[in-house]
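The values are calculated or read from the model by the stated rules, or taken from the named source; none is laboratory data. Keep in mind the model is a prediction, meaning the values are calculated, not measured. We place every Cβ from the backbone using ideal geometry, glycine too, and count neighbours over all the protein chains shown.
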Amino acid sequence: MNALKTTVLLTALTLLLVLAGEYFGGEKGAVIAFVIAAGMNFFSYFYSDKIALAMYGARPVTRQELPRAYEVVERLTGRAGIPMPKIYVIPTESPNAFATGRNPQHASVAVTHGILGLLNDDELEGVLAHELGHVRNRDILTSSIAATLAGAITILARMGFWFGAFGGVGGGERDREGGGLGAVIMLLLAPFAAMLIQLWVSRTREYEADASGAHLTGNPYALASALEKISAVSQRVPLPASPSSAHLFIVAPLLSGQTLANLFSTHPPIQKRIERLIGRPSVYGALR
């Protein structure tokens, strides 16, 4: 199913770019857009994980530097029957984590410095099990590509706005009459389309990864407790994140424009996730 989602995402991007290229530049614009789409698809498939890691300054760590996490991940990957991923640390005190990569053989798990100090061993195991659930469920490629494509669509929308506003290439009368309006529509709708991509691939996968993580550890309370702690502390110590990659994290990071961010949230409410894990919406009674 996730392989199908990935194919649909890449196909949709190609069609979107070709149609936009044809609108603004005629046949020549469509050809150029197709070439750009092919290049972006290739780049997204092979390098989207590296982009996500670099975006947050994640650095790889060795077993000697982080034995606590390595021991947990080794134990969990043995249970899950997947290869050992690379482990990264993000240099921020805001607690959070994400997994990325194109398949279990090329997976990476990133945790923030803050989460390592916040959680006890059982809670950290729950978080890492959640992230390995994403790896085992093979949704890390879809989410990584969605992050890359969402950012690319937004950039292309802005390029299309200026391109269309000044008449395009070879569009003639149509450009003079409707190019400016078309450019404005692209500028408004493309970021919305990018957000829809993220919503499509994110909300259900968090529930699935929670369930997978709880199954791997046999301790749903530990993951529920971790989610409640991360959610509470991340509001006081926020992690500024790009809207194009916010869906990667275990708990939604801070976005600019919280009203809009809440409207298009890529994560289910923490209370609902906890309730699915332990049958009530809060471990400590702090969430309402």
Could you list, in sequence order, all residues of the range 105-161 that are of a type in the set (Val, Ile, Thr), in contact with a helix residue (DSSP H, G or I) (Cβ under 8 Å, 6 or more places away or on another chain) and at pLDDT below 90? Ile140, Thr142, Ile145, Thr148, Ile153, Thr154
The residue from Leu255, Leu223, Leu248 that alone is hydrophobic (A, V, I, L, M, F, W, C), out of contact with any strand residue (DSSP E or B) (no Cβ under 6 Å at 6 or more places or on another chain) and at pLDDT below 90 is Leu255
Does Ser94 satisfy being in contact (Cβ under 8 Å) with a residue 40 or more places away in the chain and assigned to a helix (DSSP H, G or I)? no
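In the range 208-258, which residue that is out of contact with any Leu (no Cβ under 9 Å at 6 or more places or on another chain) and assigned to a loop (DSSP other than H, G, I, E, B) is nearest to Gly126 (Cα to Cα)?
Our first condition is that a residue be out of contact with any Leu (no Cβ under 9 Å at 6 or more places or on another chain); within the range 208-258, this holds for 208, 215, 218-219, 236-237, 245, 248, 252, 255-258.
Now narrow it down to the ones that are assigned to a loop (DSSP other than H, G, I, E, B): 218-219, 237, 245, 252, 255-257.
Details: Gly218: 9, Asn219: 8, Val237: 21, Ser245: 22, Ala252: 17, Leu255: 25, Ser256: 29, Gly257: 31 Å.
Filtering first and then ranking leaves Asn219.
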Residue list for the range 111-134, restricted to those being in contact with a Ser or Thr (Cβ under 7 Å, 6 or more places away or on another chain), farther than 21 Å from Glu208 by Cβ and buried (at least 20 other Cβ atoms within 10 Å of the Cβ): Thr112, Gly114
Subset tally (residues that are part of a helix (DSSP H, G or I) and out of contact with any Leu (no Cβ under 6 Å at 6 or more places or on another chain)) for the range 53-79: 12
Can you spot a residue in the range 72-81 that is at pLDDT 95 or above and touching a Ser or Thr at 6+ places or on another chain (Cβ under 6 Å)? no
Extreme residue, farthest from Glu275 (Cα to Cα), among residues of the range 206-233 that are acidic (Asp, Glu) and crowded, with 22+ Cβ neighbours inside 10 Å: Glu206
